[in-house]
Each structure stands twice: as C-alpha cells, then as structure tokens.
Amino acid sequence: MPAVTFRDETATGTPVAEVRIEALPERMTVRELIRLRVREEVARHNARPSDRFNGLVRPDGAEAELNGYRLREPRRIDWERQAEIAERAFLANGFFVLAGDRQVEDLDEEIDLAAAPDLVFIKLVALAGG
C-alpha cells in the first residue's frame, strides 16, 4: 500500500515541514488527502493541546504567527471544522497543491499515490496593503 508525504514549502520552494503517512489506498481525491492531512495534524495537536497550532490552516479564534498559529489558550481543535476551513481555503486559492510536477486544481481530482507519493502544499500570503 502506498504512502504519501505532505510537504509544506514557501513560494520560493524552501521546505518548511514534512509528514509521511503510510498504508494508504493507491488513489485518493485531493479532498480526501487534505482531510487526511488535517485530521492527522489535529490529532497530533489534540494529543498534547497547547496554545500553538502548526497546521495547514488557521483555527477559529487563532492569530497567525511565523510557521503556525497562536491560540488564546491551550485547547483541543475539531478536525472536521479544520477540514472545512482547509477545503474553503483551497477553493479560494489560500494554498495550492502540487502532485508530482503539476498543480492540482479540483478537490475531486484523483491522485495516483503510487505515481505521485509527494504532495507539496504552498500557502499563499496576502501582501500588506494589497
């Protein structure tokens, strides 16, 4: 069974973070992969809740910081709510996903994990005053 590596990079290609998940089906949609990634990062956070969350998208009520988000107080996060936020962010071009050497543009597009086991997530940052 294939594994997938979720890698975050800056717009210039600098690696920021990487997580590998094993034993996945050979094909998954972009939506399923985003939800899987979010579920895993929220599970890691909820195992040891803190006032800092390192994840794909900002939880409700959190403030953006360098490479993460600051919560007002340590708390557990609802992974399904985070997955909804992530899907909306993808659709609004808040981040984009590269599978192999191409950008995926549709949440329902299937990815062959045997052929493209590395997914790169690039968060887009709004420019000040723009």
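Conditions (1) farther than 19 Å from Phe6 by Cβ; (2) touching a strand residue (DSSP E or B) at 6+ places or on another chain (Cβ under 9 Å), marked per residue:
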| site | (1), (2) |
| --- | --- |
| Leu36 | no, yes |
| Val57 | no, yes |
| Leu66 | yes, no |
| Arg72 | yes, yes |
| Glu84 | no, no |
| Arg88 | no, no |
| Leu107 | no, yes |
| Ile111 | no, yes |
| Leu119 | no, yes |
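Considering only the range 60-85, state which residues are assigned to a loop (DSSP other than H, G, I, E, B) and in contact with a Lys or Arg (Cβ under 8 Å, 6 or more places away or on another chain).
Initially, the range 60-85 is screened for residues assigned to a loop (DSSP other than H, G, I, E, B), giving 60-62, 66-67, 71-78.
Of everything in the range 60-85, those that are assigned to a loop (DSSP other than H, G, I, E, B) and in contact with a Lys or Arg (Cβ under 8 Å, 6 or more places away or on another chain) turn out to be Asp60, Gly61, Ala62, Leu71.
Considering the range 32-59 alone, what residues qualify as being under 11 Å from the mean Cα position of the chain (by Cα) and either part of a helix (DSSP H, G or I) or hydrophobic (A, V, I, L, M, F, W, C) (or both)?
Of everything in the range 32-59, those that are under 11 Å from the mean Cα position of the chain (by Cα) and either part of a helix (DSSP H, G or I) or hydrophobic (A, V, I, L, M, F, W, C) (or both) turn out to be Leu33, Ile34, Arg35, Leu36, Arg37, Val38, Arg39, Glu40, Glu41, Val42, Leu56, Val57.
Six or more apart or on different chains, Cβ under 8 Å: which pairs go from a residue in the range 34-46 that's under 21 Å from Ile122 (Cβ atoms) and open to solvent by less than 10 Å² (accessible area, probe 1.4 Å) to one that's assigned to a helix (DSSP H, G or I) and aromatic (Phe, Trp, Tyr)? Could you list them?
Note: pairs meeting the criteria are Ile34/Phe90; Val38/Trp79; Val42/Trp79.
Across the range 78-124, which residue is surrounded by the fewest Cβ atoms within 10 Å (Cβ to Cβ) among those that are touching a residue at least 60 places away in the same chain (Cβ under 8 Å) and under 12 Å from the mean Cα position of the chain (by Cα)?
Only one residue fits best here, namely Lys123.
Inspect all residues belonging to the range 101-116 and state whether any of them is touching a Pro at 6+ places or on another chain (Cβ under 6 Å) and outside any helix (DSSP H, G or I).
Yes, the range 101-116 has at least one match.
Going through the range 5-30 one residue at a time, which ones are part of a loop (DSSP other than H, G, I, E, B), modelled with pLDDT of 95 or more and open to solvent by less than 60 Å² (accessible area, probe 1.4 Å)?
Leu24
Quick one: what pairs do we get from the range 52-74, first residue over 14 Å from Lys123 (Cα atoms), second open to solvent by 90 Å² or more (accessible area, probe 1.4 Å) and assigned to a loop (DSSP other than H, G, I, E, B), C-beta under 7 Å, 6+ apart or different chains?
Gly61/Arg72
The values are calculated or read from the model by the stated rules, or taken from the named source; none is laboratory data. Since the structure is predicted, the reported quantities are computational estimates derived from the model, not experimental observations. Here Cβ is always computed from backbone atoms with ideal geometry, including for glycine, and neighbour counts include all displayed protein chains. Just so you know, the surface numbers come from the protein's heavy atoms only, side chains and all, with ligands and any DNA or RNA stripped out. Shrake-Rupley method; radii C 1.70, N 1.55, O 1.52, S 1.80 Å.
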